[in-house]
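Taking it in order: structure first as structure tokens, then the write-up.
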Amino acid sequence: MKMWILFFTLFAVPSRGEVYTSMTDMSRLLVTEGEMIRAVENYIVAQEEKLMKLKRDVLEMERVHDEAARSPESFLGNPINAYLLVKRLTVDWLDLQNIMTDDSTGQAMLNNLTSMASMLRWPDEEDLNGVATALMRLQDTYKLDTAQIARGDILGKKRAYRELTAADCFELGRQSYNGGDHYHTVLWMNEALDRQELESNKTVERADILEYLAFSTYMQGNLRQALKLTDELLEERPNHQRAQGNKVYYEEVLQQQKTQKRGESGDFMDEDAAVQKEYTISENLGELQTWQIERQAYERLCRGEGKLPEKLVSRLNCFYKSGPSAYLRLSPVKTEIVHIHPTISIYHDVLTDGEIAVIKELATPTFKRATVQNYKTGELETASYRISKSSWLKADDSEVVARVNQRIEDITGLNMQTAEELQVANYGIGGHYEPHFDYAREDEYTVESDLGLYGNRIATFLYYMSDVDAGGATVFPQLELSLWPKKGSAAFWHNLYPSGEGDTLTRHAACPVLVGTKWVSNKWIHERGQEFRRPCELDPRAL
């Protein structure tokens, strides 16, 4: 119907209805019919091209979907595959919708999908930004080359099902740009530009890449390169108004910089003298320096580059733990001491596959985005430095949960009555938790809170419920220690000295999951109820 409306709009002309009265006029109708035929043929060709594109897209999606369905966890464990899935259901799906809405049949199909909204889960722009940001986090933490990621190669692990196209790289750059991250914008727009030049079927226009790349290059401080890229953009699109304005501005700034570098006599000044540097107060500089040192240690440990001193390594040992509970005398626990002062232990084979399956099944329906406590307000809130979903399980929820809780008491000798519920967490794409303390510091809790009622978190017991193909370590930046997840094992350490003072050396982090998936569950044990199990010491540093 739309086609015929278009036809009559284009070809209908005022007529007095007298064509039939002259054979000459009648013969001119053949010309009109010829044009009509060509218009319909062009329409058919255009529709066939759209249908062929749809067929190619659907065939590719079916192939990928079948591969993913065979092992969803394994498939999505590759962050490139996960990114492409989210992109298909956001950016690519929007393009498909635009094609399908051209006729009533396609619109009807879309309406059917809309009616199923309550049964389907669609990612949104926030999800696309989140998965893109996760890729940037992995790129930085694990020092991954941009071209290597684009090839789908993550440190030689299982490759992605395909390489990234120029459009895929462009979208990663665009998401970085939207987040104000011009450093990664430049990296990914350059990769998009390289790939676009090699593509026979262009997936994105060169001018679109240059627009983002030029401005982000300027924001990175490379003014001359930004001007060069802007000139290239104007060659592609001479009437691009923003580029025209930017070109004038860049040229003016370059001229000003050239003038400012000359003294009154015309001699060039020292470049450092031409730039006025601003400094914050010394305490802020100290905090920044401390953060940078910790950050470097954190990322190094995540890559497995940490190394304990030989003196310490020689004192570490493994043994069968047969106390303090009577149960352990019957069934000792394989124990590995991985650090001394503070003592950090790994208990092996303390959680069975069956118990893990039950805990996962119980936790999944109530998963929520993991939160952190705002140290100023005391309120729980989401934060970019903790990316995972979690839920809490009570001992009453299942005999398995009660048994797992009791096992922690048997191994540690600490009272579970005042401990928090079992927290179960699953880390998503690039999921992580940056360096933090498990214990609360001064003024971080009120008398009415759990911490006020039951005391501070005296210890942490962390179950690993999955192996992780790459990344995902628990690291202690001040100790040069990395703990690598092993399904069925658990880590344990005291957060407080016997005096009740926090042990700052227990500051730790969960590294981004590079490949695979990570499941953990943890128990935070509080001070109350431990008075006779771990007596207080007057010496603030007593171990």
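Residue-wise HN-Hα couplings along segment 102-116, as the Karplus relation 6.51 cos²θ - 1.76 cosθ + 1.60 with θ = phi - 60° gives them from phi, are 6, 9, 5, 5, x, 5, 5, 5, 5, 4, 4, 5, 4, 5, 9 Hz; Gly and Pro carry x.
Give, as a single signed number, the net charge of other residues whose beta carbon lies under 13 Å from the beta carbon of Val358, with Lys and Arg counted +1 and Asp and Glu -1.
Working: positive: Lys360, Arg403; negative: Asp353, Glu355, Glu361, Asp397, Glu399.
With Lys, Arg at +1 and Asp, Glu at -1, the net is -3.
In a DSSP loop and with at most 15 other Cβ atoms within 10 Å, the trypsin sites (Lys or Arg not before Pro) in segment 176-261 are Lys202, Lys261. Computed over protein heavy atoms with a 1.4 Å probe, the accessible surface of the chain works out to 57 Å² per residue.
Rounded to whole numbers, the Karplus 3J(HN,Hα) couplings from phi for segment 332-349 are x, 9, 5, 10, 10, 8, 9, 7, 10, 6, x, 7, 10, 10, 10, 9, 9, 6 Hz, using 6.51 cos²θ - 1.76 cosθ + 1.60 with θ = phi - 60°, and x at Gly and Pro. Principal-axis analysis of the Cα atoms of the chain puts helix 282-302 at an angle of about 90° to the longest axis. Summary of the geometry: segment 325-355 and segment 45-83, compared by the centres of their Cα atoms, lie 45 Å apart. Taking θ as phi - 60° and the Karplus parameters 6.51, -1.76 and 1.60, the scalar couplings of segment 58-68 work out to 5, 4, 5, 5, 4, 4, 5, 4, 5, 5, 5 Hz in sequence order, x denoting glycine and proline. Report which label in [x] 16, 40, 28, 12, 4, 1; [y] 20, 48, 23, 7, 3, 0; [z] 21, 56, 19, 3, 1, 0 holds the value of P(r) over Cα pairs in 20 Å bins from 0, in percent derived from the coordinates of this structure. Answer by label: [x]. The H on the amide N of Ala459, modeled in the peptide plane, is under 5 Å from the matching H of Asn495, Ile525, each at least 5 residues off or on a different chain. Helix 206-219 and the longest principal axis of the C-alpha atoms of the chain enclose an angle of approximately 50°. Remark on the chain: Cys169, Cys318, Cys536 stand apart, with no other cysteine beta carbon under 4.7 Å.
Could you size up the charge dipole of the chain around its Cα centre, putting +1 on the beta carbon of Lys and Arg and -1 on that of Asp and Glu, and report it in debye to the nearest 20? Please list the in-between numbers first.
Details: 62 positive and 83 negative charges, 267 e Å.
The calculated dipole for the chain is roughly 1280 debye.
The values are calculated or read from the model by the stated rules, or taken from the named source; none is laboratory data. All figures in this text were calculated on a predicted structure; none of them were measured in a lab. Cβ atoms come from the backbone with ideal geometry, glycine included; neighbour counts cover every protein chain shown. Each accessible area value is taken on the protein alone, full model and side chains, heavy atoms only, with ligands, DNA and RNA left out. Shrake-Rupley method; radii C 1.70, N 1.55, O 1.52, S 1.80 Å.
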